[in-house]
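Worksheet: the structure to be examined is printed underneath.
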Amino acid sequence: MANKIWSAFKQLISLLFFVTVISIGVDLWRSQDLPEGQLPQLSAQGVNGESIDLHALSENEPVLVYFWGSWCGVCNFVSPAVNTMANHFNVVTVALRSGNQSKVQAYLNHHDYQFNVVNDPQGQLGSLWGVGVTPTLMVIKDGELKHYTAGFTTLPGMWWRMLVS
């Protein structure tokens, strides 16, 4: 019995290692399109009227930047975790090609999301930042990119990235 448990444990560890290596490889490949050097400016008015300045927000603590779309199926699983993160960290999100301000605000209200949102109806901001996949998450601190990942990300993964930044 102990041998079977040990064998199953080793298989689980091997699988987790394999998935981690693949995930890191995919993130590295996808990050080729990210801007190098100084990050593009992200100063805008949020859909609820507040002023958002990413560089100022990231001066003393990390900021989670989340590029998403209301049409994105994977974002439906990631957005609730981002909403939880917004209760504990600075979070700025960019709604890519999700309609006008009122449509985005209605989407946020429907899902009870409380995070800051910059609307990017034509995807220009996303292109400037090199975002080719949604969801895309970045951790910015002192105006510099510290972590990047695209695709499905878990709450513990986001939390870890913020804590080590």
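Just want to confirm a number: the relative contact order over the chain, from Cα pairs under 8 angstrom separated by 6+ residues, in percent.
RCO, the chain: 28 percent.
Give me the angle, in degrees from 0 to 90, between the Cα long axis of helix 2-30 and the longest principal axis of the Cα atoms of the chain, rounded to the nearest 10.
Its long axis makes an angle of about 30 degrees.
If you line up the long axis of helix 75-85 against the longest principal axis of the chain, both from Cα atoms, how many degrees apart are they, to the nearest 10?
Once rounded, one gets 80 degrees.
Name the long-range amide H neighbours of Trp129: under 5 Å, sequence gap of 5 or more, or other chain; modelled H, no Pro or chain starts.
none
Which residues' amide hydrogens lie under 5 Å from the amide hydrogen of Lys146, considering only partners 5 or more residues apart or on another chain, with H built in the peptide plane?
HN-HN under 5 Å from Lys146: Val139, Ile140, Lys141.
With θ set to phi - 60°, apply the Karplus curve 6.51 cos²θ - 1.76 cosθ + 1.60 along segment 92-102 and write out the HN-Hα couplings as whole Hz, x wherever there is a Gly or Pro.
So the Karplus estimates, Gly and Pro as x, are 10, 10, 10, 8, 8, 6, 10, x, 6, 4, 5 Hz.
Starting at the first residue of segment 149-155, write each ³J(HN,Hα) from the Karplus equation 6.51 cos²θ - 1.76 cosθ + 1.60 with θ = phi - 60°, in whole Hz, x for Gly and Pro.
Calculated HN-Hα couplings, in order: 8, 10, x, 5, 9, 8, 4 Hz.
In deg cm²/dmol, rounded to 500, what helix-only [θ] at 222 nm does the chain give when every DSSP H run of at least 4 residues adds -39500 (n - 2.57) and the total is split over its residues?
-13000 deg cm²/dmol
May I ask you to evaluate 6.51 cos²θ - 1.76 cosθ + 1.60, the Karplus curve with θ = phi - 60°, for each residue of segment 103-118 and list the ³J(HN,Hα) values in order in whole Hz, giving x for glycine and proline?
Values, residue by residue: 5, 5, 5, 5, 4, 4, 5, 4, 9, 6, 7, 10, 6, 5, 10, 9 Hz.
What residues of segment 50-82 lie in the reach of a label at His111, counting those whose backbone N is under 17 Å from a point 7 Å from the Cα along Cα→Cβ?
Counting backbone N atoms under 17 Å from the label point, the list is 64-82.
Could you work out the per residue convex hull volume over the alpha carbons of the chain, in cubic angstrom?
128
For the residues Met85, Met158, Met1, what sequence is obtained by ranking on other C-beta atoms within 10 Å, fewest first?
The order, fewest Cβ neighbours first, is Met1, Met85, Met158.
Given H placed on each backbone N at 1.01 Å, which residues far from Val94 in sequence or on other chains put an amide H within less than 5 Å of it?
Tyr66, Phe67, Trp68, Val118
Any read-out appearing in this document is the output of simple, stated calculations on the displayed coordinates, not a laboratory observation. Keep in mind that this is a model prediction, so the values were computed, not measured. Glycine gets a Cβ as well: all are built from the backbone with ideal geometry, and neighbour counts include every protein chain shown.
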